[in-house]
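**Student:** Just passing along the structure, written as structure tokens.
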Amino acid sequence: MFKKIVEDLLQVALKERLDLFLIDFSVSGDNAVKVVIDGDNGVLVEDCMFISRAIEHNIDKDEHDFSLEVLSSGAATPLVLPRQYTKHIGRNLEIKTLDSQNLEGELKEVNEQDVVLSWKAREPKPVGKGKVTVTKTATVAFENIKEAKVKIKF
């Protein structure tokens with residue numbers, strides 16, 4: 001019952017802010033509510049406050065005892081939804097596939113079915129000695145991605 005109330009309030013808030021979307025939502029046995037959001041343009045503290053207030057200010061505290069935590073999906077957190085990839089075009093991703101491949105490269109394209117990564121590799125020259133730098137690309141279907149993380153460079 002309480003979880004449904006919170007879920008409904010959360011959905012109303014997200015309909016008001018179409019740039020934000022839900023990554024994770026849980027309510028523990030002691031009514032500890034945890035909401036993890038992301039946004040097409042990132043998430044600001046004000047965005048978390050907006051979601052928090054949309055829930056907190058619409059639940060009678062005399063009727064329900066609860067705690068609420070609203071946070072953004074962290075920089076090192078794996079990408080979960082296809083919608084999260086678009087804002088990372090041009091950044092380096094590390095992708096682990098279901099068939100045990102590990103790929104790392106710049107995210108070049110995102111569409112509804114897959115992502116395209118590009119990276120430079122050193123390979124032997126076709127003729128003669130030495131190596132040459134070549135650009136490689138890989139297209140990975142969302143259904144084949146086990147885990148994807150943005151590689152942060154400092």
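**Student:** With respect to E69, is the statement that it is within 30 Å of F154 (Cβ to Cβ), at pLDDT 95 or above and over 17 Å from the mean Cα position of the chain (by Cα) true?
**Tutor:** yes
**Student:** Ok, one more. Go through the residues of the stretch 51-69 one by one and say whether even a single one is outside any strand (DSSP E or B), of a type in the set (A, V, I, L, M, F, W, C) and closer than 30 Å to V140 by Cβ. Even if it seems obvious, please write down each step before you answer.
**Tutor:** Within the stretch 51-69, the first condition is being outside any strand (DSSP E or B), and the residues that meet it are 51-66.
Within this subset, residues satisfying the condition of being of a type in the set (A, V, I, L, M, F, W, C) are 51, 54-55, 59, 66.
Remaining after also requiring closer than 30 Å to V140 by Cβ: none.
No, the conditions are met nowhere in the stretch 51-69.
**Student:** May I pose another question? I'd like to know if the stretch 112-132 contains one or more residues that are in contact with a Leu (Cβ under 7 Å, 6 or more places away or on another chain) and either within 20 Å of I23 (Cβ to Cβ) or without any contact (Cβ under 8 Å) to a residue 12 or more places away in the chain (or both).
**Tutor:** Yes: one or more hits.
**Student:** Kindly evaluate S73 against the criterion of being free of Cβ contacts under 8 Å to residues at least 40 places away in the same chain and of a type in the set (S, T, Y).
**Tutor:** Criteria not met by S73.
**Student:** Tally up the residues in the stretch 35-55 that are surrounded by fewer than 16 Cβ atoms within 10 Å (Cβ to Cβ) and farther than 24 Å from K87 by Cα, please.
**Tutor:** Looking only at the stretch 35-55, we keep the residues that are surrounded by fewer than 16 Cβ atoms within 10 Å (Cβ to Cβ), and these are 40-42, 44-46, 49, 53.
Restricting the remaining residues to those that are farther than 24 Å from K87 by Cα gives 53.
Qualifying residue count for the region: 1.
**Student:** Sticking with this one: Exactly one condition in (1) over 19 Å from S26 (Cα atoms); (2) among the hydroxyl-bearing types (S, T, Y); (3) assigned by TED's automatic domain parsing to the domain that holds L22 is false for T86; which is it?
**Tutor:** Against the list (1) over 19 Å from S26 (Cα atoms); (2) among the hydroxyl-bearing types (S, T, Y); (3) assigned by TED's automatic domain parsing to the domain that holds L22, T86 comes up short only on (3).
**Student:** Here's another thing I want to ask about it. Inside the stretch 24-50, can you point out the residues that are touching a residue at least 40 places away in the same chain (Cβ under 8 Å) and part of a loop (DSSP other than H, G, I, E, B)?
**Tutor:** Listed by number, the list holds a single entry, N41.
**Student:** Here's something else I'd like to know. Restricted to the stretch 104-141, and to residues that are closer than 14 Å to H88 by Cβ and touching a helix residue (DSSP H, G or I) at 6+ places or on another chain (Cβ under 8 Å), which residue is surrounded by the most Cβ atoms within 10 Å (Cβ to Cβ)?
**Tutor:** V115
**Student:** Among the residues of the stretch 56-80, what is the count of those that are over 18 Å from F21 (Cα atoms) and surrounded by 12 or more Cβ atoms within 10 Å (Cβ to Cβ)?
**Tutor:** Residues flagged as over 18 Å from F21 (Cα atoms) and surrounded by 12 or more Cβ atoms within 10 Å (Cβ to Cβ) within the stretch 56-80 amount to 5.
**Student:** Which of the numbered conditions does T86 fail, given that it passes all the others? Conditions: (1) in a loop (DSSP other than H, G, I, E, B); (2) within 24 Å of K153 (Cβ to Cβ); (3) β-branched (V, I, T).
**Tutor:** All conditions pass for T86, except number (1).
**Student:** On to the next question. Being without any contact (Cβ under 8 Å) to a residue 40 or more places away in the chain and assigned to a strand (DSSP E or B) is the filter; apply it to the stretch 1-23 and report the residue that is surrounded by the most Cβ atoms within 10 Å (Cβ to Cβ).
**Tutor:** Filtering the stretch 1-23 for residues that are without any contact (Cβ under 8 Å) to a residue 40 or more places away in the chain and assigned to a strand (DSSP E or B), the one surrounded by the most Cβ atoms within 10 Å (Cβ to Cβ) comes out as L20.
The values are calculated or read from the model by the stated rules, or taken from the named source; none is laboratory data. As the structure is a prediction and not an experimental result, all values here were calculated from the model. Because the Cβ atoms are built from the backbone with ideal geometry, glycine has one as well, and the counts that use them run over all protein chains shown.
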